[in-house]
1. Hey, among the residues in segment 58-72 that are out of contact with any helix residue (DSSP H, G or I) (no Cβ under 9 Å at 6 or more places or on another chain) and among the charged types (D, E, K, R), which one's surrounded by the most Cβ atoms within 10 Å (Cβ to Cβ)?
2. Tell me, please, whether a residue that is polar (S, T, N, Q), farther than 24 Å from ASN125 by Cα, at pLDDT 95 or above and surrounded by fewer than 17 Cβ atoms within 10 Å (Cβ to Cβ) can be found in segment 20-40.
3. Any idea which residue in segment 1-19 is least open to solvent (accessible area, probe 1.4 Å), counting only those that are of a type in the set (D, E, K, R) and at pLDDT 95 or above?
4. Six or more apart or on different chains, Cβ atoms under 6 Å: show the pairs whose first residue is in segment 53-67 and under 10 Å from VAL19 (Cβ atoms) and whose second is among the polar types (S, T, N, Q).
5. Of the residues GLU81, GLU75, GLU88, which single one is of a type in the set (D, E, K, R), out of contact with any strand residue (DSSP E or B) (no Cβ under 9 Å at 6 or more places or on another chain) and exposed (fewer than 14 other Cβ atoms within 10 Å of the Cβ)?
6. Working only within segment 91-111, note down all residues that are open to solvent by less than 40 Å² (accessible area, probe 1.4 Å), in contact with a Leu (Cβ under 9 Å, 6 or more places away or on another chain) and not aliphatic (A, V, I, L, M).
7. If you take just the helices (runs of 4 or more DSSP H) that sit entirely in segment 8-127, which of them hold at least 2 residues that are under 16 Å from the mean Cα position of the chain (by Cα)?
8. (1) over 18 Å from ILE9 (Cα atoms); (2) open to solvent by 50 Å² or more (accessible area, probe 1.4 Å); (3) modelled with pLDDT of 95 or more: which one isn't true of ARG127, the others all being true?
Amino acid sequence: MGQKQRTVIRVVLDTNVLVSALLFSGEIGNVVSSWKVRKFLPVFSHDTFDEFRRVLAYPKFSLKTREIDALLQYEVLPFCEVVDIEDEIIGVCRDRADDKFLSCAVAAMADYIVSGDKDLLVLGNFRNIPIITAAAFQEK
């Protein structure tokens, strides 16, 4: 028999897309409503999730610890999956700190990496995983 076909699109969202989607109104906010109705599954690794949590605590966002915890508990965690990295990608991105998103995408067998980061977008794709902007993703 053939492989079972997946019905849910698996997506690695980089930190800037996640933060923008959760904290700012506008078109990017549609990303959150889309994951809530299961149009796609956001996928994290422990490293990408840690970075996301750390960025939410930046003073410029003025979020208290309990607000961050509530965002994570009610807006993110019920709708996502966390994967373990077995094949760590090193030295592919111009900014090596972005390699963790590639590692996550490979481990998750992601359909897309959605990013606003030029260091990721310049790659175009990685191991046949398209790297696209949030606007391009929302057109899918």
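1. Filtering segment 58-72 for residues that are out of contact with any helix residue (DSSP H, G or I) (no Cβ under 9 Å at 6 or more places or on another chain) and among the charged types (D, E, K, R), the one surrounded by the most Cβ atoms within 10 Å (Cβ to Cβ) comes out as ASP69.
2. To start, the set of residues in segment 20-40 that are polar (S, T, N, Q) comprises 20, 25, 30, 33-34.
Still in the list and also farther than 24 Å from ASN125 by Cα: 25, 33.
After this cut, where a residue has to be at pLDDT 95 or above as well, the list is none.
No, every residue in segment 20-40 fails to be polar (S, T, N, Q), farther than 24 Å from ASN125 by Cα, at pLDDT 95 or above and surrounded by fewer than 17 Cβ atoms within 10 Å (Cβ to Cβ).
3. At the first step, the residues of segment 1-19 found to be of a type in the set (D, E, K, R) are 4, 6, 10, 14.
Of the ones still in play, those that are also at pLDDT 95 or above are 10, 14.
Values: ARG10: 34, ASP14: 4 Å².
So, considering only residues that are of a type in the set (D, E, K, R) and at pLDDT 95 or above, the one least open to solvent (accessible area, probe 1.4 Å) is ASP14.
4. VAL55/THR15
5. Values: GLU81 fails: out of contact with any strand residue (DSSP E or B) (no Cβ under 9 Å at 6 or more places or on another chain); GLU75 fails: exposed (fewer than 14 other Cβ atoms within 10 Å of the Cβ).
Of the residues listed, the single one that is of a type in the set (D, E, K, R), out of contact with any strand residue (DSSP E or B) (no Cβ under 9 Å at 6 or more places or on another chain) and exposed (fewer than 14 other Cβ atoms within 10 Å of the Cβ) is GLU88.
6. CYS93, ASP98, PHE101
7. Details: elements: 15-23, 30-36, 46-56, 65-70, 99-108, 118-121.
By residue number, 15-23, 30-36, 46-56, 99-108, 118-121.
8. (1)
The values are calculated or read from the model by the stated rules, or taken from the named source; none is laboratory data. No experiment lies behind these values; they were computed from the predicted model shown. Glycine also receives a Cβ, built like all others from the backbone with ideal geometry; neighbour counts cover every protein chain displayed. Areas reflect the complete protein model, heavy atoms only, side chains present, ligands, DNA and RNA absent. Shrake-Rupley method; radii C 1.70, N 1.55, O 1.52, S 1.80 Å.
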